[in-house]
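FYI, it's all coordinate maths here, none of it is from the lab. Computed from a predicted model, the values in this text were never measured in an experiment. Cβ atoms come from the backbone with ideal geometry, glycine included; neighbour counts cover every protein chain shown.
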Amino acid sequence: MAQHNETGKQGEEEAVRFLCAKGFDIVTRNYRHQHAEIDLVAKKGKLLVFVEVKTRTNLSYGNPEEFVSYTKARLIMKAAEQYIFVHDWRHDIRFDIVAVTLAGSEFRVSHIEDAFY
């Protein structure tokens, strides 16, 4: 597996731990619809959260959350629309970003709620 894929996988695992510690249940990982993928779908009470996880080992080009483009956000929203339809979800939703920075063997996690809509 390529190093960037492994880094992404580590970041996703750290995001799962972080969200679970905040009281979220992870409902789905890597939900795909057409060309879009939602990294995590988490639930807390009657709130369903679609989470994009961005992991970086180097901040030279910016923070991880800065790499979620308008196009990527639109794709996530389209996939979320399908997920909501298929699962007949009738409560609140939110789109978050979990930004993970890996420095050596330590993770720094930042949770951006309502990152886009």
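Numbers below:
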quantity: Residues located in region 1-41, provided they are touching a strand residue (DSSP E or B) at 6+ places or on another chain (Cβ under 8 Å), hydrophobic (A, V, I, L, M, F, W, C), touching a residue at least 24 places away in the same chain (Cβ under 8 Å) and part of a strand (DSSP E or B); calculated: I38, L40, V41
quantity: Residue list for region 81-115, restricted to those being without any contact (Cβ under 8 Å) to a residue 40 or more places away in the chain, touching a Ser or Thr at 6+ places or on another chain (Cβ under 9 Å) and within 19 Å of Y70 (Cβ to Cβ); calculated: none
quantity: Tally of residues being in contact (Cβ under 8 Å) with a residue 40 or more places away in the chain and either basic (K, R) or within 23 Å of K22 (Cα to Cα) (or both) across region 69-80; calculated: 3
quantity: Total residues in region 68-116, condition of a type in the set (A, V, I, L, M, F, W, C) and part of a helix (DSSP H, G or I); calculated: 9
quantity: Matching residues in region 90-115 - criterion: being surrounded by 15 or more Cβ atoms within 10 Å (Cβ to Cβ), of a type in the set (G, A, S) and farther than 17 Å from V16 by Cα; calculated: A115
quantity: Residue in region 37-50 that is farthest from R90 (Cα to Cα), counting only those that are in contact with a helix residue (DSSP H, G or I) (Cβ under 9 Å, 6 or more places away or on another chain) and surrounded by fewer than 17 Cβ atoms within 10 Å (Cβ to Cβ); calculated: E37
quantity: Members of region 51-85 found to be within 23 Å of H33 (Cα to Cα) and either among the charged types (D, E, K, R) or surrounded by fewer than 13 Cβ atoms within 10 Å (Cβ to Cβ) (or both), listed by number; calculated: E52, K54, E65, S69, Y70, T71, K72, R74, K78, E81, F85
